[in-house]
Amino acid sequence: MTTIRVRFGLAASALALLLALSTTMAASASTQASASAQSPADKPAAASVTSDTYRDVYQGWKWWHVYCYRCHGVDALGTTNAPNLTDPNEKFTRAEFMRIVKTGKANTAMQSWSKLLDDKQIGEVYVYVRARAEKVLPPGRPDEIGTNGGSWTPPDGWRAR
Ligand code: HEC
């Protein structure tokens, strides 16, 4: 009899714990849901414009001006050697961009960059190019760290898709 009562007691407290846990989880899930409702992206808005956005765009700008600018031009505006990547017709998805940059384009001056740039770095270049193509980022050197009143401020919720 006592054992049964003890067991019942244990089960009841386990149940209470579960209930408490699921309430907390539901609460945080709804916070996330309302955050992502402000952003068209699949991630919560908080993941959009953060210091990471500024850092990635800055890093991308750096790689760009080491490897890409001599053909695709300063500020990604193109040269006679290679296309302007800020052209509205040049809106690649991240996957397309990664594939082109990693494999290059056969029989053109566009080589494969996979020996010089890893996925993270190519992803940073992508974010930089998108910021230029979407006219979010003006020409020139982007701020490395987000600033109030710096040279650029991405619109709320902006992130390169
Ligand atoms: C030596 C010159 C050269 C360099 C350096 C270069 N590219 Fe290219 N790139 C080209 C050419 C030429 C094309 C167009 C190929 C074609 O005719 O389809 C091209 C095409 C592309 C395209 C596809 C554009 C389109 O319209 O299909 C992307 C994206 C691209 N380059 C990104 C980059 C990135 C990022 C870098 C730096 C890591 C880079 N390129 C460096 C010459 C270059």
Checklist outcome for this item: So the compactness index of segment 49-133, its C-alpha Rg divided by 2.2 N^0.38 Å, takes the value 1.00
Next on the checklist: Using 0.36 nm times the number of residues separating Asn84 and Arg141, minus their current alpha carbon distance, what extension gain do you get?
Outcome noted: 18.7 nm
Next on the checklist: Multiplying the sequence separation of Lys105 and Leu77 by 0.36 nm and subtracting their Cα-Cα distance, what value in nm do you get?
Outcome noted: 8.2 nm
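Read the figures in this text as sums done on the coordinates, not as results from a lab. Values in this document were obtained by computation on a predicted structure and should not be read as measured data.
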